[in-house]
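Structure first, commentary second.
Just so it is clear, none of the values below were taken in a lab; they were calculated from the coordinates. Note that the structure is a prediction, hence the values are computed from the model and not measured. Quick reminder, even Gly has a Cβ in these numbers, built from the backbone with ideal geometry, and neighbours come from all protein chains shown.
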Amino acid sequence: MSNANSGGCTAWQGPPKRYQAEASIALEVEGREVAPWAWITPECGTENCLNPDHLRVKAPVHLSYPNRVCIYCGRPGHTKDHLLPRRWSGDAARRWVAVVPACGTCNSLLNDTLTWSITERRALCHERLRKHFRKVLRTVDHTPDELDEYGPTLRDHIEDAMAKKAEVLAMLEWPTDPDYDARALEHSGIEDAWVTGFLVPMAGELLEHVRAAA
């Protein structure tokens, strides 16, 4: 696809959804490294300009998710999950990697997962949570009448197991708000999280890939 030149500007004439990728390439050709989650905007007034001298890069390191809430399961999140694991970023660039709040369990389960897509990371985390809590999820639910047939000790044990199962199921349903991620990323200065690849459609093939990786 050809580009148009005007007043030192080089405007991308192709599909708008390709602009972020093309702008990233233009910057990298000039030796400017661009984080995969960066959002690039022209400062010259020319829409979709590709002149590297006219481009401003916004790459937030701390994404604006609710504080201390694990983005993967909704439980208290007192650790930070780096969206690029250490084996990708190395120690030198570690402080420039975007982070999100996560609980210790989810952070540990994801470990060095080689994907920075929040959609994929959450799906993979949920698959690993299912394996981690597989015994809990096999707990048989009992009605109040059925529980009345047991003695107090056994009843307490069954009720505790049922409560734990309900807690895990709630983790696997997180987030219940479909705009949870898009809103947090918009507040972070990411105008279109789908274009940057922070969020991706979970098509059948991708879901199978995630399950295979789990």
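Only helical runs count toward this figure. For the chain, summing -39,500 (n - 2.57) over DSSP H runs of n ≥ 4 and dividing by all residues gives -11500 deg cm²/dmol at 222 nm. Sorted from greatest to least, the principal axis extents spanned by the alpha carbons of the stretch 4-58 come out as 28, 22, 17 Å.
Among the listed values (1) 22.4, 84; (2) 17.1, 59; (3) 19.2, 75, the one computed from these coordinates for Rg and Dmax of the Cα atoms in Å is (1).
As a length-normalised measure over Cα pairs under 8 Å and 6 or more apart, the relative contact order of the chain settles at 20 percent. Each of TYR72, TYR150 was scored by other Cβ atoms within 10 Å of its Cβ. Arranged with the fewest first, they read TYR150, TYR72.
Packing, as the average of other Cβ atoms within 10 Å across residues, places the peptides 167-180, 122-135 in the order 122-135, 167-180, highest first. Against the empirical curve 2.2 N^0.38 Å, the C-alpha radius of gyration of the stretch 8-135 lands at a ratio of 1.28. Of all DSSP beta bridges confined to the chain, the antiparallel ones make up roughly 95%.
For the pair the stretch 44-87 / the stretch 8-34, the C-alpha centres are spaced 19 Å from each other. Each Cα pair under 8 Å and six or more residues apart adds its sequence gap; the mean of these over the residue count of the stretch 4-58 is a relative contact order of 41 percent. Taking the Cα centre of the chain as reference, the dipole from Cβ charges on Lys and Arg (+1) and Asp and Glu (-1) amounts to some 720 debye.
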